[in-house]
C-alpha cells in the first residue's frame with residue numbers, strides 16, 4: 001500500500017518552486033546564488049477597482065458616453081483627472097476618483113484599478129537558481145536538513161536557531177522569552193496561550209517552531225508577522241523525536257522557516273530548511289513509498305500519536321483493532337521498544 | 001457518444017473518493033448481475049501524485065489479486081472488452097468526489113425565488129457558495145468585482161427571470177461577472193452556468209461568453225414563479241463538475257476516456273439511483289439515502305416523482321472538519337458521546353483529523369469521539385436537507401422526518417462502524433425516522449456506482465440490489481408519542497414463518513429488539529398505546545409484513561424528536577444502554 005511521506009531528513013537536496021500569485025517580473029538569473037530574503041520576482045497588484053458609469057453620470061446613451069470618454073486602456077490617471085465631459089452650456093464631467101490605471105472602457109463605462117501595491121516574492125531558502133519561470137518566478141535548489149510540519153501561518157524568515165525546548169514536550173511561556181532572543185528562530189514545544197505568541201512578536205523573533213498549538217490560538221498565530229511552523233498537530237502534542245533530534249542538534253545554525261500554508265493538493269507544506277555545506281549534491285528525498293518492513297514511521301492517531309517507530313512486518317489481510325474496526329495493519333516497533341499493531345492508514349513514513 | 005453497456009457482461013466501477021479509491025467488479029453469475037469483489041487503494045488526487053488515475057490503477061491491481069483475473073495490461077492500461085483468455089472487463093463506469101471543494105458564486109434576482117433555486121442547484125454537487133449576488137445586494141458593482149477577484153471562484157451559477165420575463169435586471173447582474181472574469185488570468189476564469197430566462201441566451205453569450213473558461217446553458221430552473229425544475233440544470237452541473245475536475249486534477253480525463261464518458265460526480269450518481277428506486281418502489285413513502293464520508297455529507301431523497309439532492313462538504317468528516325464548529329458547538333457534539341471527555345479533546349480531534357482525513361479510530365475512546373462527531377455532522381446535514389424536501393409528502397407530523405421506506409446509508413462513518421448496531425444507532429439518532437421503515441447499510445458503498453451504471457444498464461442495479469450485496473439491518477418501528485420515561489407506548493407481536501411468535505412491550509425512552517434473521521419474513525402486529533402513531537394514524541393498531549436483518553425488528557421508543565437528557569451522567573448511561581441493546585459493548 002502506498003504510504004504518505006513526511007520529510008525529516010538530516011541531509012538532502014531540496015528543490016523549491018517560488019511563484020508569484022499574478023504575472024510579474026523575474027529579478028534573478030539562472031545559476032545565481034540567492035539568500036532567503038532576496039527578492040526573486042515582483043509584481044504590481046491592484047486589489048481594488050472603480051467602475052465609473054459614464055453614461056449614467058452624464059445622462060447620455062452608452063454609445064454617446066463611449067464617444068465622450070477621453071481615456072483609453074492602460075492610461076495611468078491621477079486623482080481628479082477628467083475622464084469624460086458632457087455637452088451643453090454647463091456640461092457635467094466625470095473625474096477619476098483616485099489615482100489608478102484604466103483597465104477597460106466600453107458600454108458607457110470605465111473600469112479603473114486603484115490602490116496598486118507591489119508584491120515581492122522572496123527566495124525563502126538559500127540556494128542556486130536552477131530554472132527561471134518567465135513572468136512567474138524561479139526554481140531554487142539547495143542542500144541541507146529538511147524538517148516538514150503540518151501547519152504554517154504563511155510567513156517566511158531566516159535566523160539563528162535557538163533551542164528553548166529542553167525536551168520534546170516542553171511548553172513555551174512568556175517567561176522564557178527575553179531580549180537576547182530578538183531576531184532568533186526559536187525551537188519551542190507547545191504554545192498554550194496567546195500572550196506567548198504576542199510576546200514573541202514584541203521582541204520580535206524571526207520564527208517559532210512548535211510541536212503543537214491549541215486550536216483556539218490558530219487565528220492569533222495567523223495574525224503574527226513572523227513565521228510559525230507546527231510539526232505535529234493541535235492540542236498538547238510533544239514534538240516527534242525525529243524532528244526534535246534534528247532541530248535540537250542544529251541549534252545555533254542559520255535556518256529558514258518557510259511556514260507555508262499546508263495544501264494537500266499542490267503539495268505545499270510548512271518546512272524548516274537548515275542549509276549545510278556539501279561537496280556533492282545529496283539525493284533528493286523519496287516522495288513515494290510503499291509500506292514495508294524497516295521503514296521509519298510516525299503514528300498519526302491515538303494511541304501513541306506522534307511516536308516514531310519502524311515497521312517490523314506488514315500483516316496480511318485485515319487486522320481487528322481495539323476499536324473493533326478492521327483494517328490493513330502493520331506491526332510497528334516503537335522507540336520505547338514496545339511493539340504495537342497499527343492500521344496502515346494511521347502511519348506516515350518519515351525520511 | 002458513450003457506448004451502451006446493455007450487451008456487456010462484466011462491469012468495472014471505480015469510485016474515486018476523497019480518501020480512498022475503490023474498484024468494484026460486477027459480473028453475470030448464474031444469469032444475473034452480482035457484486036463480485038472490490039479492491040481499495042488510497043486516492044492519489046493530492047501531492048505528490050496529483051493524478052487520480054494512479055490510485056485507480058492501484059485499486060484495480062488490488063482487485064486483480066482478489067479476483068485472480070487480469071484487468072490491466074503491461075502498461076497499466078485497462079483491458080476492454082473481456083478477452084478470450086478471461087482478462088479485462090466489458091465496460092467501466094466512474095464516480096468522482098475527490099478534489100477541493102468548488103468555490104461558487106451564485107447570481108439571481110430575488111432572494112426567495114431565483115437565488116433560492118440557485119442555492120439548491122449549487123448544493124447538488126461538491127461546492128461551497130462563497131458569494132451571492134442578487135437584486136438586493138447593497139454593494140456597488142466595483143465592490144462585487146473586487147469580491148469575485150479576491151475569491152477566485154471556480155464556478156458561477158446564474159439564475160433569474162421567468163422565461164421571456166425580466167432581462168434588464170439580469171444584464172446588470174451579469175456585468176460584474178463579465179468584468180471580473182475579464183480581469184482574471186485566462187486559467188483562473190470561472191466556468192459559468194446560466195439557468196435563467198431562456199430568452200437571454202444571446203445576451204449572456206455577449207456579456208460573459210468569451211470571458212468564462214466555459215459557458216453552459218441549461219433550461220430555466222424557474223420557468224415560472226411557481227415552478228422550480230432543477231433536474232436538467234443538475235445534469236448540466238454534473239457535467240461541469242467533471243470538466244472542472246479535469247482542469248484541476250490529472251487523470252480524470254484518462255478515466256473519462258477509459259469509461260467512454262460514463263463518469264459522474266458521486267453524489268449525482270447517488271441521486272440518480274434514488275430517483276430510479278423511487279420509481280421502481282412507487283411507494284407513498286419517500287426513499288432516503290444518506291452518505292457520510294470524508295468529502296461531504298450527501299442526502300438524496302425521492303418522493304413520488306420528486307427528488308432532492310443535497311451535498312454538504314461543510315459536514316464532511318475530512319479536511320473540512322474544523323468548519324463544523326461554524327454550525328455547531330462542542331457541547332452539542334459531546335451530547336452524543338458515551339464517554340466523559342472534555343470539549344478540548346473534541347476540538348483537538350477535529351483539527352487533527354482534518355490533517356489526516358484517511359486515518360481511522362484505533363482505540364475505543366477515539367472511536368467514541370469519532371462517532372459523536374459523525375452523529376452531529378449527520379444530524380445537522382439531515383436538518384439542513386429537510387428544509388428542501390418538497391411540500392405535501394407523507395409524514396406523521398410536519399416538524400418530524402417524513403415517512404421513508406427504505407433508508408439506505410453508506411459512507412466511511414457508517415460502513416466502517418465496528419458492528420451493525422453502532423451504525424443503526426447513529427442513523428436512528430440523526431435521521432430520527434418515524435413509523436415503520438427498513439434500514440439498509442451500503443457496506444460496500446455500491447449505491448453511487450449502481451447509479452452511474454443505471455442509465456446504461458437498468459438491469460444491473462436491480463439485480464445487484466436484490467442479490468444481498470447490501471446489509472439489511474432490519475425493520476425499525478419508531479412511534480410518535482408524548483409520554484414520560486418508562487411509560488408503555490407500544491406492544492408488538494411478531495409471528496414467524498415457522499409459526500413461532502415473539503412479543504415485546506416498548507416503554508418510552510427505550511430501545512427493544514425482536515430477532516428476525518436476514519432473509520426471513522414475519523407478520524408484525526402493533527398495538528399502540530397512549531395515542532402513539534406508527535403511520536397507521538394516532539392510537540391506531542395494525543398488522544404488517546416485515547423482513548429481517550442483522551438486528552431483526554428494532555423498536556425505538558425514545559420519542560420524536562429525540563430529546564436527550566440534559567444531565568450528562570444519565571445521558572451517557574442511557575447511550576451505553578442503547579448501544580448495548582443493539583449489540584454493542
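The values are calculated or read from the model by the stated rules, or taken from the named source; none is laboratory data. Quick caveat: nothing in here was measured; it's all calculated off a predicted structure. Cβ sites come from the backbone with ideal geometry, for glycine too, and all protein chains shown count toward neighbours.
Taken together, B:17, B:31 contain a single residue that is over 22 Å from residue A:328 (Cβ atoms) and either surrounded by 23 or more Cβ atoms within 10 Å (Cβ to Cβ) or more than 9 Å from chain A (Cβ to nearest Cβ) (or both), which is B:31.
Within region A:231-244, if we keep just the residues that are part of a loop (DSSP other than H, G, I, E, B) and within 12 Å of another protein chain (Cβ to nearest Cβ), the residue that is farthest from residue A:165 (Cα to Cα) turns out to be A:235.
With respect to the conditions (1) crowded, with 16+ Cβ neighbours inside 10 Å; (2) more than 21 Å from the chain's Cα centre (by Cα); (3) farther than 28 Å from residue B:176 by Cα, residue B:226 lacks only one, and its number is (1).
Each row is one residue, and each column tells you yes or no for (1) surrounded by 15 or more Cβ atoms within 10 Å (Cβ to Cβ); (2) over 34 Å from the mean Cα position of the chain (by Cα); (3) closer than 24 Å to residue A:10 by Cα.
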site: A:306; (1), (2), (3): yes, no, yes
site: A:312; (1), (2), (3): yes, yes, yes
site: A:321; (1), (2), (3): yes, yes, no
site: A:328; (1), (2), (3): yes, no, no
site: A:332; (1), (2), (3): yes, no, yes
site: A:335; (1), (2), (3): no, no, yes
site: A:341; (1), (2), (3): yes, yes, no
site: A:344; (1), (2), (3): yes, no, no
site: A:348; (1), (2), (3): yes, no, yes
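As for region A:1-21, it holds at least one residue that is within 22 Å of the chain's Cα centre (by Cα), closer than 30 Å to residue A:97 by Cα and within 14 Å of chain B (Cβ to nearest Cβ).
Which of the residues that make up region B:77-102 are part of a loop (DSSP other than H, G, I, E, B) and touching a strand residue (DSSP E or B) at 6+ places or on another chain (Cβ under 8 Å)? Explain how you work it out, then say what you get.
In the first step, residues of region B:77-102 are kept if they are part of a loop (DSSP other than H, G, I, E, B); the result is B:77, B:79-90, B:97-101.
Across region B:77-102, the qualifying residues are B:79, B:80, B:81, B:88, B:89, B:90, B:97, B:98, B:101.
Considering each residue of region B:115-146, count those that are free of Cβ contacts under 8 Å to residues at least 40 places away in the same chain and part of a helix (DSSP H, G or I), and give that number.
8
One residue alone among A:106, A:100, A:137 is touching a helix residue (DSSP H, G or I) at 6+ places or on another chain (Cβ under 7 Å) and not assigned by TED's automatic domain parsing to the domain that holds residue A:261, and that residue is A:106.
Quickly run through region B:38-76 and pick out the residues that are within 14 Å of chain A (Cβ to nearest Cβ) and in a strand (DSSP E or B). Result: B:38, B:39, B:40, B:41, B:42, B:51. Of all residues in region B:176-217, those being free of Cβ contacts under 8 Å to residues at least 60 places away in the same chain and over 18 Å from residue B:244 (Cα atoms) number 17. Kindly list the number of the only condition in (1) in a helix (DSSP H, G or I); (2) free of Cβ contacts under 8 Å to residues at least 60 places away in the same chain; (3) within 14 Å of chain A (Cβ to nearest Cβ); (4) crowded, with 22+ Cβ neighbours inside 10 Å that fails for residue B:361. Only one criterion in (1) in a helix (DSSP H, G or I); (2) free of Cβ contacts under 8 Å to residues at least 60 places away in the same chain; (3) within 14 Å of chain A (Cβ to nearest Cβ); (4) crowded, with 22+ Cβ neighbours inside 10 Å is unmet by residue B:361, namely (1). Only one of the numbered conditions (1) under 30 Å from residue B:360 (Cβ atoms); (2) in contact with a strand residue (DSSP E or B) (Cβ under 7 Å, 6 or more places away or on another chain) is not met by residue B:425, and that is (2).
When you check residue A:57 against the structure, is it touching a residue at least 40 places away in the same chain (Cβ under 8 Å), touching a strand residue (DSSP E or B) at 6+ places or on another chain (Cβ under 9 Å) and either outside the structural domain of residue A:270 (by TED's automatic domain parsing) or in a loop (DSSP other than H, G, I, E, B) (or both), yes or no?
no
Residues that are within 28 Å of residue B:575 (Cα to Cα) and either within 19 Å of the chain's Cα centre (by Cα) or modelled with pLDDT of 95 or more (or both) do not occur anywhere in region B:275-286.
Looking only at strands (runs of 3 or more DSSP E) that lie completely in region A:245-351, which have at least 2 residues being in contact with a strand residue (DSSP E or B) (Cβ under 8 Å, 6 or more places away or on another chain) and within 26 Å of residue B:584 (Cβ to Cβ)?
Values: elements: A:254-258, A:271-275, A:296-299, A:308-314, A:329-334, A:339-343, A:347-350.
So the answer is A:339-343.
Give A:30, A:68, A:52 a once-over and let me know the one that is surrounded by 14 or more Cβ atoms within 10 Å (Cβ to Cβ) and either within 42 Å of the chain's Cα centre (by Cα) or within 14 Å of another protein chain (Cβ to nearest Cβ) (or both). It would help to see each step written out before you state the result.
Working: A:30 fails: surrounded by 14 or more Cβ atoms within 10 Å (Cβ to Cβ); A:68 fails: either within 42 Å of the chain's Cα centre (by Cα) or within 14 Å of another protein chain (Cβ to nearest Cβ) (or both).
Every option except A:52 fails the conditions.
Rundown of residues vs (1) under 24 Å from residue A:249 (Cα atoms); (2) within 18 Å of the chain's Cα centre (by Cα), yes/no style:
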| site | (1), (2) |
| --- | --- |
| A:186 | yes, yes |
| A:196 | no, no |
| A:199 | no, no |
| A:205 | yes, yes |
| A:208 | yes, yes |
| A:219 | no, yes |
| A:226 | yes, yes |
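Of all residues in region B:118-138, those being out of contact with any helix residue (DSSP H, G or I) (no Cβ under 8 Å at 6 or more places or on another chain) and at pLDDT below 95 number 2.
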